[in-house]
Amino acid sequence: MKTIREYSAIINEAIASRQYGEPASLYDPIRYTMEGQGKRLRPVLTLAAAEAMNVAAADAVLPALGVELYHNFTLLHDDIMDNSPTRRGRLAVWKKWDTAQAILSGDTMLSEASGCIIDSPFGPSQRINMLRCFNETALIVDRGQQYDMDFERRSEVALDEYITMIEYKTGALLAGACMIGAMTGDASIDTVEAFRQYGLNLGIAFQIQDDILDVYGDEATLGKPIGGDIVNDKHTWLLISAMEKAPVAMADIFARNLPADEKIAAVREVYDSLGLRALAEQEVERYMSKAIEAIAAAGLSADAAAFFTDFANSLIGRKK
């Protein structure tokens, strides 16, 4: 097994060397998007899962690239739907170009992503399984995005509904990345399922952690404004919990129609008074533990199991 840094270098090289067609106006937004300094978490998982199945990372580059192209496609379209002007500290594609161009270039990224899996150097049955997994994953992510949009139109969302939404929107792609990597090596059904459970629970933990960072993180590190979820009335683990535990205080904040900075400060004060940051961090730990338990049951080598355990810990900044 390689290190996260080594896997990231492999995928970054693949991104840099990827050749696109014409017209440049269609592909320039894709190049711009892929040049952004993302964490490459998902393709790293694909490459690592492949190596855990004794497949050389070099052979699994195309499926991993497809996973990363798809992930960035979702971000490109998410920015349009969320009206978010920046991504990773740079202008979002729809702001740098326009909405129509962002939609079309995003659609092209989706086709490029599936093409990477079709063109990968594996047998027909493996490619069919990977493509089926890719399509099923994309459909689940779409369902998660729709739930997310539906929640924005509702005044009340239950925590279990929210967990389902982030399982679909965030967990499913982490799970799919692992599963596609495992499928390159003809992994058993049980092993693929273990990777699925690992990715799903890791994704839930990751999203709740992201909810925390949106309120308590550092803007320079995140590459986006702090408190954006609060300003946009976005249902997060923290907001839903606050509305359940302090409905009167939260209703008062919403009724006052405060300027963005004041609204962020007021909502954060409620979070602090309820100790929600600590409670959210406990939930992150709980789902992290479930992810690690799942990968321990995957029948991997000690080296591979250690990699995925360390990856999960590093994802939320936990030492062990």
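Pop a pseudo-label 7 angstrom from the Cα along the beta-carbon direction at both residue 255 and residue 231 and give the gap in nm to one decimal.
2.6
Taking the 0 to 90 degree range and rounding to the nearest ten, how far is the long axis of helix 276-296 tilted relative to the main principal axis of the chain, both from C-alpha atoms?
On a 0 to 90 degree scale, this one is about 20.
Please get the size of the charge dipole for the chain, origin at its Cα centre, with Cβ charges of +1 on Lys and Arg and -1 on Asp and Glu, quoted in debye to the nearest 20. Kindly include the intermediate steps, with their values, before the conclusion.
Working: 31 positive and 46 negative charges, 97 e Å.
Result for the chain is approximately 460 debye, rounded to the nearest 20.
For the chain, rounded, prolate or oblate, judged on the Cα gyration tensor with a ≥ b ≥ c (square roots of eigenvalues), a/c < 1.5 rounded, else prolate if a/b > b/c? Intermediate values should be presented prior to the final figure.
Working: a/c = 2.06, a/b = 1.36, b/c = 1.51.
Cα axes put the chain in the oblate bin.
Please identify, among 181, 199, 275, the residue showing maximal mean-square fluctuation in a Gaussian network model of the chain using a 10 angstrom Cα cutoff.
Taking springs between Cα atoms under 10 Å, the residue moving most is 275.
How far apart, in nm, are the 7 Å Cα→Cβ label points at residue 286 and residue 88?
3.3
By how many degrees, between 0 and 90 and to the nearest 10, does the Cα long axis of helix 124-152 differ from the longest principal axis of the chain?
With both axes taken from Cα atoms, the answer is about 10 degrees.
For the stretch 128-249, state the average projected area of the convex hull of the C-alpha atoms over all orientations, rounded to one decimal in nm². Intermediate values should be presented prior to the final figure.
Working: hull surface 34.3 nm².
One quarter of the hull surface, i.e. the mean projection, equals 8.6 nm².
What is the Cα convex hull volume of the stretch 89-187 when expressed per residue in Å³?
138
Net charge near residue 138: determine it from the other residues with C-beta under 12 Å of the C-beta of residue 138, scoring Lys and Arg +1 and Asp and Glu -1. Please report the intermediate quantities before stating the final value.
Numbers: positive: 132, 143, 169; negative: 136, 142.
That sum, taken over residues with Cβ under 12 Å, equals +1.
When N counts the residues of the stretch 43-128, how does its alpha-carbon radius of gyration compare numerically with 2.2 N^0.38 Å, as a ratio? Mind showing how you got there, number by number?
Numbers: Rg = 15.3 Å, N = 86, 2.2 N^0.38 = 12.0 Å.
Computed over Cα atoms of the stretch 43-128, the ratio equals 1.28.
What FRET efficiency would be calculated for the residue pair residue 244, residue 19, taking the C-beta separation as r and a Förster radius of 56 Å, to the nearest 0.05? Walk me through the numbers on the way to the answer.
Numbers: r = 51 Å, r/R0 = 0.92.
Efficiency, from the Cβ-Cβ distance: 0.60.
At 7 Å along Cα-to-Cβ for each site, give me the label-to-label distance between residue 139 and residue 188 in nm.
Once both label points are built, they end up 2.8 nm from each other.
Kindly provide the helix-only [θ] at 222 nm of the chain, computed as the sum of -39,500 (n - 2.57) over DSSP H runs of four or more divided by all residues, to the nearest 500 deg cm²/dmol? Let's see the in-between values first.
Details: 17 runs with 237 residues, N = 320.
Helix contribution divided over all residues of the chain: -24000 deg cm²/dmol.
Gaussian network model of the chain, Cα springs within a sub-10 Å range: biggest mean-square fluctuation belongs to which of 168, 20, 70?
So, out of 168, 20, 70, the one fluctuating most is 20.
If you fit an axis through the alpha-carbon atoms of helix 260-274 and take the longest principal axis of the Cα set of the chain, what angle between them do you get, 0 to 90°, nearest 10?
Between the helix axis and the principal axis of the chain, the angle is about 90 degrees.
Which net charge results for the neighbourhood of residue 8, defined as the other residues with beta-carbon distances under 9 angstrom from its beta-carbon, given Lys and Arg at +1 and Asp and Glu at -1?
On the way: positive: 5, 39, 40; negative: 6.
Once all neighbours under 9 Å are counted, the net charge is +2.
Please give every one of the aspartates and glutamates within straight-line cross-link reach of residue 95, meaning a C-alpha to C-alpha distance under 20 Å, and leave out same-chain neighbours fewer than 8 residues apart.
Straight-line reach from residue 95, under 20 Å: 28, 35, 78, 79, 82, 107, 219, 229.
Values quoted throughout were computed directly from the atomic coordinates according to the rules given, and no laboratory measurement underlies them. Quantities reported herein were computed from a predicted structural model and do not represent experimental measurements. Neighbour counts are summed over all protein chains in view; Cβ atoms, including those assigned to glycine, are modelled from backbone coordinates with ideal geometry.
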